[in-house]
1. Restricting to region 220-245, and then to whatever is open to solvent by 10 Å² or more (accessible area, probe 1.4 Å) and among the aromatic types (F, W, Y), can you tell me which residue is farthest from G111 (Cα to Cα)?
2. I'm trying to understand the selection: among the residues of region 407-428, which are assigned to a helix (DSSP H, G or I) and either of a type in the set (V, I, T) or open to solvent by 60 Å² or more (accessible area, probe 1.4 Å) (or both)?
3. Only one of these is open to solvent by less than 30 Å² (accessible area, probe 1.4 Å) and not hydroxyl-bearing (S, T, Y): L306, L338. Name it.
4. Scan (1) within 22 Å of E428 (Cα to Cα); (2) open to solvent by 20 Å² or more (accessible area, probe 1.4 Å); (3) charged (D, E, K, R) for the single condition K465 breaks and write down its number.
5. Assess whether V254 counts as being open to solvent by less than 10 Å² (accessible area, probe 1.4 Å), under 23 Å from L336 (Cα atoms), out of contact with any Asp or Glu (no Cβ under 7 Å at 6 or more places or on another chain) and aliphatic (A, V, I, L, M).
6. Mind checking which pairs have a first residue in region 465-483 that is within 23 Å of R344 (Cβ to Cβ) and a second that is of a type in the set (V, I, T) and in a loop (DSSP other than H, G, I, E, B), Cβ under 8 Å, 6 or more apart or different chains?
7. Return the residues of region 129-165 that are β-branched (V, I, T) and assigned to a strand (DSSP E or B); say none if nothing qualifies.
8. Checking T309 against (1) under 15 Å from Q215 (Cβ atoms); (2) of a type in the set (V, I, T); (3) in contact with a helix residue (DSSP H, G or I) (Cβ under 6 Å, 6 or more places away or on another chain), which single condition isn't satisfied?
Amino acid sequence: MMKPTRSSPRRLMMTAVIVSLVSWGLSFHATDLVTAAETQDPKTSRPPHDAVVEAQEPRTVPIERPEQKKTDHDRSAIFDAQKARPSSPTFLDQPRDGKTLGFDFYRDPLGAEKPMQEPEEIMKKDIAAKPKVMETHRKLLERRYHLKPKLDSEAKMSRGKPLPVGPTARLSEGMTWERLAGLNPEEIKKQGLFPYPSLPHPLQSPGGMVFPQMQIDMFPRLERVDVDFDLPEAFLPEFPPAIFLSNRPELGDVSRGEVVSINNYYRLFKDLLTPVQLDGLRLLLTPFPQEEFNPTDDRKSLRPSLGVTCLDCHVNGHTTGQFHLNPDMRPEERRLRLDTTSIRGVFNQQIHSSKRSLRSIEDFTEFEQRTAYFNGDQIHAIKKGMNILDRIQVSHMAQMQNMFDFPPAPKLDPMTGRLDPKKATEAEMRGEKVFFGKGQCAGCHTPPFYLDDKMHDLRLERFLKDEPGDGPIKTFTLRGIKDSPPYLHDGRLLTLEDTVEFFNIVGELKLTKEEKTSLVAFLRAL
């Protein structure tokens, strides 16, 4: 039997160091493996692991046990509703033989052309019609815009994506921007010269959420069978967008170049957020049933879906140009296309939603489950999976949203939100003068956050023969605006140059070419 010996302090210390190094190495290696699993494989082009997909798609397994095998009974037609035996033969003497021959809302999908229409038939038609739908819309866009992007060689978004340069709108033959701006609304309307009519949803009926291809490449669960995204990637925000936190401004962009999802949020933010905020982020990244993405057969995704998350649209607390239809208008053909807006700086906004004027971020968070998710129709929400959020959960989600800050604007004075003359260029200073003077921009976009928490009606029907106008729309903040193309509520303005031309016409401002260029320079500095 060996006699126990006492280890020296030096030996104990060396052992502890070795154990620490090994543990650190294993921990580092494990973190490496987790990060690799969350990141797209460049060799295979396969999307990274997605816990949402893992949860909603079962694996195919070998049929080996007796109970797995389909029987004649399993394959029989007795489950067909049309073959159900009536509970009483007396129904034959009643109207319609006691049957429901019209639409049964709970069974028949939205947009079904006839009662008892099979979902597979609807989906097959959607898939077959999709190429023509997108070709028609592409031709519309090409008639309206110069879609080949011109990129600024110097100006960049927060993570380095070049800014697209406009204007992109096509003018009538022989027309110039200067001549057009010199005409009054009646002349423009009579001659059909307005270059910025509303941008329609490619498939107005049924409408619904549409995601850009670069996002679908990473999250295939967001692809629809009936419609695709329409605008070129160059005119969209960055993907992934930068993230700036109001509680840790010294860190700058905390995204670390990743799209935040349920797969990586804890690793990225466990040391940056409070437990309440982290739980709010978890909920913002949790999928809930939505009109087009849900587990029923009344959907527009190829396979049943758990739904979409809040941050599928508001990616990284910002946006990547996703769009849907506004939930607060009827009938269907009167509804407006809505681009997803950034929720950066939402802590300083007093009204939320483009037209509903919701007065708190908590209300906005709660109501979106029955509005943007289900087109303002709580009946559809009940059918497909209404999500009734507890007010505690809502408060956690709201607290997290309030952490998303604007990107830094180093040329703005921190007290006034105006340009610091010592840091701004001459063009930016000239643009600021136009903004607060002849351009009349500050009437709605008041510093330091460049919004007024009001709703305004531009009455665009003054310029358009065949459009009834949009009505009041809330003022959106201009802070960090260079990160958020396209512009206006429906994305019809592809660049900041288009935006300036639009308001020059609508406001009858008669800005000179230099004034317009300077105004764009100022907007980029915000």
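The values are calculated or read from the model by the stated rules, or taken from the named source; none is laboratory data. None of the values given here were measured: they were computed from a predicted structure. Here Cβ is always computed from backbone atoms with ideal geometry, including for glycine, and neighbour counts include all displayed protein chains. When the accessible area is computed, the model is the full protein with side chains, heavy atoms only, and any ligands, DNA or RNA have been set aside. Shrake-Rupley method; radii C 1.70, N 1.55, O 1.52, S 1.80 Å.
1. F244
2. E426
3. After ruling out the rest, the residue left standing is L338.
4. (1)
5. It is false that V254 is open to solvent by less than 10 Å² (accessible area, probe 1.4 Å), under 23 Å from L336 (Cα atoms), out of contact with any Asp or Glu (no Cβ under 7 Å at 6 or more places or on another chain) and aliphatic (A, V, I, L, M).
6. K474/I351; F476/T341
7. Result: V165, single match.
8. (3)
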